[in-house]
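To keep things clear, I will list the structure first and then write my remarks on it.
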Amino acid sequence: MSYLAGKHIVLGLSGGIACYKAAELCRALVKEGASVQVVMTEAAEHFITAVTLQALSGRPVFTSQWDSRTSAGVDNNMAHINLSREADAIVVAPASADFMAKLLHGRADDLLSLMCLARPLDTVPLILAPAMNREMWSHPATQRNVTQLAADGAMVLDVGAGEQACGETGDGRMLEADQLLYDIGRCFAPKRLAGRRVLVTAGPTYEAIDPVRGLTNRSSGKMGFAIAQAAHEEGAEVCLVAGPVALPTPRGVRRTDVRSAQEMQAAVQSHADDASIFVAAAAVADWRPAHSAEEKIKKDGSGEVPALSFVENPDILAGVAASERARSGALYCVGFAAESHNLLEHAQAKRLRKGVPLLVGNIGPATFGQDDNALLLIDDSGSKEFGPASKLSLARQLIGEIAKRLPSLPA
Ligand code: CTP
């Protein structure tokens, strides 16, 4: 279930070429189950028509503070009051340099700025998605305005870098619709992990036999990536150590790519000292070839097959769980168990063997590569089932369960 479902978003457009992305954002918000009321400045109407946004939002667009149409079911001819009282959030995308300068001074000579000024500060977040030429963005005046707007309670999103409509290259592009969608949705997530650092491992490991062959497993990394996203949504700083997977990095998450179990262990060790939660969702190879050949192993025509011998990989989770910080409660460790049968029995035994307070069991062959999963959470008080559901929905529930079990932060 999306954090945006059932929310009412007032989407404001000020003037800028990025108005075309606002159309995509409007559609995406509606798809997530939000209702969208579009408000446009006169400048925005030079870039995109109200007709497009009315069609995408399914509601007539407001453009003038003198518009006497009924808004929010009220006939008082005060669109700026009615629209802002009805909103769960006001999102201005694009927010032009001029529009932000105007907001900064509390000026209110058109409907959008009037509505931003009239918003109830404590209950209706104002989210600004800047969009402008790189020189305009880096100008001290704009940067000063951004700082002050944030201090005044607005949430000013970052900008993208790259080729700009004017032909120049640099910072100042408006974020893409999917990035905006994530940032807006995240506003509505509870922030039970604010102030915490979360370390997550995800995906398989790859153990090389020679430069072209290796051993791996069918883990896709989707569950671990969903956990990293869910932790970030809840306000954590997240570091994701990923084995070889073909997944995009969740927004706001710091990612380190590794290949083998030994590389994963080194990456985990370098981040574990800062973390307050460690979730080991990776399917780490238990063994690796005792020798990895420098050159490709060739058939010599004799029909003889190469003899492979293995050595055991380090147990990353058990090692972290045995550390001083984990034993003192400063680092909360969560393990996973990918089993093929007897889930409860194996997972209970694994929790004790790994020395972790919480273990999450799932049936590996049923979930590897899929978007859905079912989880069995096991702690010292028993077990509880979650799902079947999407991996993101389960990850959000798991983060909620972890948050409940954490010692509170020092005041
Ligand atoms: N794990 C780890 N390092 C390893 C093996 C596993 O950190 N070398 C972690 C996994 O990330 C997971 C948990 O330990 O959180 C259990 O992994 P799993 O593969 O289910 O269990 P194993 O310990 O490998 O036991 P078995 O293969 O016998 O079931």
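Worth pointing out:
- Within the range 89-104, residues that are farther than 15 Å from Glu45 by Cα reach partners that are of a type in the set (Lys, Arg) and modelled with pLDDT of 95 or more with beta carbons closer than 9 Å, at six or more positions or on different chains, in the pairs Ala89/Lys7; Ile90/Arg119; Ala101/Arg107; Leu104/Arg144.
- Among the residues of the range 373-396, the ones that are without any contact (Cβ under 8 Å) to a residue 12 or more places away in the chain and of a type in the set (S, T, N, Q) come to 1 in all.
- Evaluated against (1) within 12 Å of the ligand (Cβ to nearest atom); (2) at pLDDT 95 or above, Asn342 falls short on exactly one condition, (2).
- Test set (1) among the charged types (D, E, K, R); (2) open to solvent by 50 Å² or more (accessible area, probe 1.4 Å); (3) part of a helix (DSSP H, G or I) - Lys21 fails condition number: (2)
- Residues being assigned to a loop (DSSP other than H, G, I, E, B), open to solvent by 30 Å² or more (accessible area, probe 1.4 Å) and not acidic (Asp, Glu) - total across the range 114-137: 5
- Top-ranked residue of the range 323-339 - restricted to ones that are farther than 18 Å from Ala267 by Cβ and aliphatic (A, V, I, L, M), ranked as farthest from the ligand (Cβ to nearest atom): Ala330
- Residue match in the range 348-359 (condition: modelled with pLDDT under 95, on the phi < 0 side of the Ramachandran plot and assigned by TED's automatic domain parsing to the domain that holds Ala275): no
- Count of residues meeting criterion [under 16 Å from Phe278 (Cβ atoms) and either in a helix (DSSP H, G or I) or open to solvent by 50 Å² or more (accessible area, probe 1.4 Å) (or both)] in the range 317-347: 11
- Restricting attention to the range 297-325, the residues that are under 40 Å from the mean Cα position of the chain (by Cα) and not hydroxyl-bearing (Ser, Thr, Tyr) total 15.
- Checked against (1) modelled with pLDDT of 95 or more; (2) out of contact with any Gly (no Cβ under 7 Å at 6 or more places or on another chain), Ala131 meets all criteria but (2).
The values are calculated or read from the model by the stated rules, or taken from the named source; none is laboratory data. None of these values were measured; they are calculated from a predicted model. So basically every Cβ, Gly included, is an ideal-geometry build from the backbone, and we count neighbours across all protein chains shown. Heads up: the accessible areas ignore ligands, DNA and RNA and are worked out on the full protein's heavy atoms, side chains in. Shrake-Rupley method; radii C 1.70, N 1.55, O 1.52, S 1.80 Å.
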